[in-house]
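A short write-up of the structure that comes next.
Derivation of every value follows stated rules applied to the coordinates shown; laboratory data play no part. No experiment lies behind these values; they were computed from the predicted model shown. All Cβ positions, glycine included, derive from the backbone under ideal geometry; neighbour counts span all protein chains shown.
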Amino acid sequence: MNPQLEGIEQIDGTYAFDLRTSNRTLKLNRFFWNMIGAAYREAFLQDPDAVMTAAGLTAQEKTMVEQRDWIGLVRHGVNFFVLEKFARVARKSNLEVYASMRGETLDEFLATRRVPTMV
C-alpha cells in the first residue's frame with residue numbers, strides 16, 4: 001500500500017483513487033471517459049445495455065450506472081472527474097450529484113451551503 005494513504009480508511013467519506021483502484025476499475029472508468037465522444041454518448045442513449053456490455057462492465061457496475069448510484073460508483077472506484085462526464089449525459093449538475101451522494105434532495109443540499117441570498 002502507498003504509505004501516503006496509510007490510515008485513509010479511517011476517514012469517513014474518503015475513497016482513495018490509487019493505482020490499485022485504477023487498475024481494478026479501468027473498464028468502468030474508460031466507459032465514463034468515452035462519454036466525451038458524441039457518437040459514444042448517442043450510442044449509450046440509444047442502447048445503454050449494449051454499450052455497457054461492449055465496455056466490459058460487470059452486472060454490478062451496470063446496475064450502479066442504471067440506478068445513477070453516484071456514491072456507489074465512487075465507493076466502487078470510479079474517478080469523480082470521469083463520473084462528471086456521465087452526469088452531463090444523465091442531465092445532472094454537480095450539485096445534484098453531490099446532493100444524491102449525501103442522500104439529500106437538491107434543495108436540502110443547498111440549504112446546507114453558505115449561499116448569500118439575493119435581494
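Odds and ends about this structure:
- Dimensions (Å) - segment 16-90, Cα atoms, principal axes, largest first: 33, 22, 19
- Note on Lys62: aspartates and glutamates with a C-alpha under 16 Å away, same-chain residues under 8 apart excluded, are Asp47, Asp49.
- Each stretch of four or more DSSP H residues adds -39500 (n - 2.57); spread over every residue of the chain, this sum gives -15000 deg cm²/dmol at 222 nm.
- Range of Cα positions in segment 53-119 per principal axis (Å), largest first: 52, 19, 17
- Summed residue charge, Cβ within 15 Å of Leu95's Cβ, Lys/Arg positive, Asp/Glu negative: +2
- Segment 16-90: relative contact order in percent, alpha carbon pairs under 8 Å with at least 6 residues between: 45 percent
- Approximate spin-label separation Thr112-Phe80, in nm, with each point projected 7 Å along Cα-to-Cβ: 1.3 nm
- Applying the Karplus relation 6.51 cos²θ - 1.76 cosθ + 1.60 with θ = phi - 60° to segment 69-76 yields 3J(HN,Hα) values of 7, 4, 5, x, 5, 5, 4, 6 Hz, where x marks Gly and Pro.
- Residue exposure sequence - Asp47, Asp12 - by fewest surrounding Cβ within 10 Å: Asp12, Asp47
- FRET efficiency for Ala38 and Asp69, using Cβ-Cβ distance with R0 set to 22 Å, rounded to 0.05: 0.30
- Ranking of Val82, Val115 by neighbouring Cβ atoms within 10 Å, starting from the fewest: Val115, Val82.
- Residues Trp70, Trp33, sorted so that the one with the fewest Cβ neighbours within 10 Å comes first: Trp33, Trp70
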